[in-house]
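Working notes, beginning with the structure itself.
Bear in mind that the values in this text are calculations on the coordinates, not laboratory data. Only a predicted model underlies this, so the values are computations on that prediction, with no experimental measurement involved. A quick note on method: Cβ atoms are made from the backbone with ideal geometry, for glycine too, and the neighbour counts reach across all protein chains shown.
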Amino acid sequence: MLRFRRPLLRQAILLAAFGLLGLLALYHPLARLGTHLPTDPTLNVTTDFYHFHWNFWWIRHALTHGLDVYRTNYVLAPFTSSLALHTLSAFWYPVWALVEPLAGTVAAMTAVFAAAFLLNGYVFYHFLRREGVPPGWALVGGAMLELSPMLFSSVRWTNINLMGWFWLPLLLLTWRQAAESRTISAALSWALLLGAAVWAMVLTDVQYLLFAAFLALPYGLWTLGRAPGWGTRGRLVGLAALAAAAGLALLWLVGPLPELLRYDRAGLAPTPADRGPKIAFPLCFVWHCDVGVPLGAVALPGVILALALNAWARRRSVYRRLNSRRWLWLALAPAPLVLAAGADITLGGATLPMPYVALHNLLGGMFRYPERFGVVFLLPAATFLLLTVAPLARGRTARIWLPALLLLAVIADARLYAPTPLQPIPPRYAFYDRMGGEPYDYVVVEVPTAGSSGEGFVGDQRAMAAQFYGLAHGKRMVNGHISRVNTWHYWWMRTDDAMMAWLGQRRWLEPALVAEQMRERIFDWPIGYFVIHTDWIGKSGGPTLQEVLGFFNAQADLVCPVAVEGDAVFYRTAWHPDGCPARTPPETAPGVYMLDIGAPDDQAFIGWGWHWTEAVAGLTLRWTGEYPQARVYLDLPPGAYTVTLAAQAFWEPRRLSLQVNGQPAGESTVVEVDALHEYAFVVPAAAVGDGRRVTLTLDYDAVVVPAEVGQSADPRRLALAVDWIRLERAGR
């Protein structure tokens with residue numbers, strides 16, 4: 001029993017050690033769990049933070065609804081896109097699926113981060129131990145991979161597909177177990193496990209096949225070359241073939257292989273080689289730069305140190321203690337190191353082309369991130385370093401303190417003490433959950449409209465992040481990100497389409513054309529809701545927001561506002577089976593309806609002509625003047641009304657008249673400039689009609705620009721400030 005417990009205890013301690021390192025790396029996100037996500041410090045927001053959350057939701061939704069996991073029209077609707085080359089990272093889905101129902105998607109994604117950190121350190125430790133590295137030094141090697149800059153960068157971008165580097169040493173470990181098995185049954189079992197590992201690796205990201213080729217293929221050939229006789233070599237070839245067959249079978253039956261084989265690349269727009277991110281030469285190869293993904297200050301300097309130690313030890317007896325396998329790993333290090341430099345380097349003022357260009361062209365421009373080869377270099381480099389240094393550390397003190405000091409250097413180089421930059425998660429709007437409870441299939445159009453892939457983007461990245469709301473409403477949507485997709489699936493709305501380009505603030509409004517397109521798409525796609533994100537459009541950046549709200553509020557036969565929540569205005573369409581509620585202002589007393597201009601919910605009523613909300617002396621109000629008239633849209637019980645406004649003119653008295661459904665309401669009046677006063681208009685019942693879709697029009701005789709009269713630098717056209725509108729039914 002003692003022999004059984006000690007190995008388990010040792011593994012438990014190792015798991016705890018690497019788990020602790022991962023938690024230390026995540027301590028800042030853990031401290032703000034549920035409210036913030038890691039972010040890249042150079043960006044305010046990026047779509048990658050949210051599309052991976054949606055990826056896992058999509059896997060669950062597809063599996064539970066009998067849909068194809070690798071084809072979807074739930075993002076970039078109305079098109080159906082292939083996810084064969086999209087970073088779906090299905091391998092991590094079980095972790096998310098286990099935690100998400102209990103703690104939410106942010107906590108679930110953080111659990112994925114923690115699991116990835118742990119696995120990278122733990123698996124590489126065991127690989128190093130199998131290569132003959134002593135435990136203390138192997139612990140350092142595990143930390144080098146676990147705390148590598150790529151993993152921190154992946155956390156900041158939520159690129160969980162780039163946190164599976166443990167697959168590379170795991171493949172090598174599994175192949176070695178198969179090659180060195182003493183029985184046929186054991187060898188066959190390990191070969192099948194190797195095939196399963198390849199399958200799971202591809203489910204993390206298909207690009208690992210490229211990275212593995214730089215290590216696994218030469219390692220396999222080296223194994224064949226060292227095999228004793230052709231019989232053994234034939235057996236190894238057979239095991240490799242079995243592993244490949246098992247992996248292909250799994251990828252065909254429960255993987256992306258069928259979709260990959262029918263994937264149409266015609267619509268892709270690959271990034272040119274010289275625009276790909278890279279490790280900046282030479283500084284970021286030997287130092288932890290603050291931008292991009294550096295190689296760090298341990299790996300390459302460590303290799304140089306190990307080469308010097310080899311030269312020093314060559315004429316000494318200690319040289320015989322060095323493991324000859326170290327030269328294999330040194331031989332595997334240069335190729336990925338050179339590729340990590342990207343398309344070219346600058347040396348002595350001259351620009352030198354690099355081999356990455358040939359690889360980029362060979363792969364049809366599909367691989368565009370050469371800096372990722374830095375991790376492929378790290379694995380053999382760390383192995384060579386530790387196989388060299390560990391045997392040279394003689395004496396008990398050196399064997400304890402030297403790896404401890406190197407571990408501290410790795411931790412310092414990883415900036416483990418520096419907090420991870422965070423960003424707030426998007427506001428959670430309850431109405432999205434209500435949409436999720438509706439049993440209808442429809443499209444949600446988020447405004448501003450936006451879409452992107454890894455090859456380009458259209459619109460504001462904040463608007464692309466609306467994909468995050470798909471987890472709540474579970475409907476098809478336009479906005480979002482698919483990393484490898486036909487470019488036309490989002491490029492069409494950049495400027496070519498009147499409706500979608502205008503909603504994205506990329507084209508001027510053409511009212512008749514946009515209304516025609518809305519009518520067609522509402523019923524053809526169909527569209528269930530438009531959601532106007534006022535904070536993404538901007539509240540004080542000009543007339544754009546007022547233009548959007550005014551246009552939507554005027555299309556009473558197509559859309560109706562059903563909720564104003566925070567910075568989001570939700571418009572239900574005429575297609576929606578639940579119909580539209582009456583747009584009636586709050587009834588403050590029997591027969592008295594009060595519209596508070598400047599309050600958050602006034603956006604459901606205002607039309608063109610209004611500026612943004614302002615807070616003045618404890619009041620919230622809006623100025624009119626952007627257009628010659630300012631409109632208000634509402635529903636009322638039939639009858640005659642007295643309409644009273646609290647208003648004030650700017651700069652000089654302003655004559656104001658009121659129209660209701662195009663009919664004059666009483667006499668015009670003069671609005672004074674000294675303060676807010678009440679101005680009343682009598683509206684006959686005939687003007688109100690049945691009370692549905694009533695339009696109030698405030699018609700003022702002139703506007704003044706403050707900047708032109710020396711009052712301020714305000715460039716707006718101002719006529720009247722309005723604080724509230726009261727509609728009092730006659731005979732109440």
Work out the length of the dipole vector of the chain about its Cα centre, built from +1 on the beta-carbon of each Lys and Arg and -1 on the beta-carbon of each Asp and Glu, and round it to the nearest 20 debye.
5760
Any chance you could run the full-extension gain for R325 through A686? It's 0.36 nm times the residue separation minus the Cα-Cα distance, nm to one decimal.
120.4 nm
Using semi-axes √(5λ) of the Cα gyration tensor in Å as the read-out, say which of (i) 64, 27, 22; (ii) 56, 30, 25; (iii) 45, 42, 24 was calculated from these coordinates.
(i)
Determine the sum of side-chain charges near W651: Lys and Arg each +1, Asp and Glu each -1, restricted to other residues whose C-beta is under 15 angstrom from that of W651.
-2
Classified through the alpha carbon gyration tensor (a ≥ b ≥ c as square roots of its eigenvalues; rounded if a/c is under 1.5, else prolate when a/b is larger than b/c, else oblate), the stretch 426-581 comes out rounded
Take the Cβ-Cβ distance between E587 and T487 as r, set R0 to 45 Å, and report the resulting FRET efficiency rounded to the nearest 0.05.
0.30
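Before anything else, pin down the relative contact order of the chain: Cα pairs under 8 Å, at least 6 apart, normalised by residue count, whole percent.
Answer for the chain is 12 percent.
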Computed over the chain: longest principal axis from alpha-carbon atoms vs helix 48-65 long axis, angle to nearest 10 degrees, is 90
Hey, what angle do you get for helix 135-146 against the long axis of the chain, alpha-carbon based, 0 to 90 degrees rounded to 10?
30
Work out the charge dipole of the chain with +1 on the Cβ of Lys and Arg and -1 on the Cβ of Asp and Glu about the Cα centre, then indicate which of L379, P421, G538 is farthest towards its positive end.
L379
Ordered by residue, what ³J(HN,Hα) values in Hz, to whole numbers, does the stretch 519-527 give under the Karplus form 6.51 cos²θ - 1.76 cosθ + 1.60, where θ = phi - 60° and Gly and Pro are x?
4, 5, 6, 4, 9, 8, 5, x, 9
For a quick check: sort D674, D535 by the number of other beta carbons within 10 angstrom, fewest at the front.
D674, D535
How large is the dipole of the stretch 196-300 about the Cα centre if only Lys and Arg carry +1 and Asp and Glu carry -1, each at its Cβ, rounded to the nearest 20 debye?
400
If you take the charge dipole of the chain about its Cα centre, with +1 on Lys and Arg Cβ and -1 on Asp and Glu Cβ, which of T695, A108, Y219 is farthest toward its positive end?
Y219
Relative to the longest principal Cα axis of the chain, at what angle does helix 396-413 sit, 0 to 90 degrees, rounded to 10?
30
Per DSSP H run of at least 4 residues, take -39500 (n - 2.57); add these up for the chain, divide by its residues and hand me the 222 nm value, nearest 500 deg cm²/dmol.
-13500 deg cm²/dmol
Show me, for the stretch 356-372, the HN-Hα J-couplings you get by feeding each phi into the Karplus relation (A = 6.51, B = -1.76, C = 1.60, θ = phi - 60°), rounded to Hz, glycine and proline as x.
4, 4, 5, 5, 4, 5, 4, 8, x, x, 7, 9, 10, 10, x, 5, 5
What does the charge count around V688 come to, taking other residues whose C-beta lies under 12 Å from its C-beta (Lys +1, Arg +1, Asp -1, Glu -1)?
+1
In the stretch 670-687, whose amide N lies under 19 Å from the spot 7 Å out along Cα-to-Cβ of L619? List them in ranges.
670-681
Output wanted: per-residue J couplings in Hz (rounded whole) for the stretch 674-687, from phi through Karplus 6.51 cos²θ - 1.76 cosθ + 1.60, θ = phi - 60°, x for Gly and Pro.
6, 6, 6, 10, 8, 10, 10, 9, 9, 10, x, 4, 4, 6
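Please state the charge dipole magnitude for the stretch 120-231, taken about the Cα centre, from unit charges on C-beta atoms (+1 on K and R, -1 on D and E), reported in debye and rounded to the nearest 20.
Roughly 180 debye, rounded to the nearest 20.
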Please order S185, S81 by the number of other Cβ within 10 Å, starting at the fewest.
S185, S81
Proxy exposure order for T644, T346, T72 (fewest C-beta within 10 Å first) is T346, T644, T72
Fully extended contour minus Cα-Cα distance, from A707 to A398, at 0.36 nm per residue:
103.7 nm
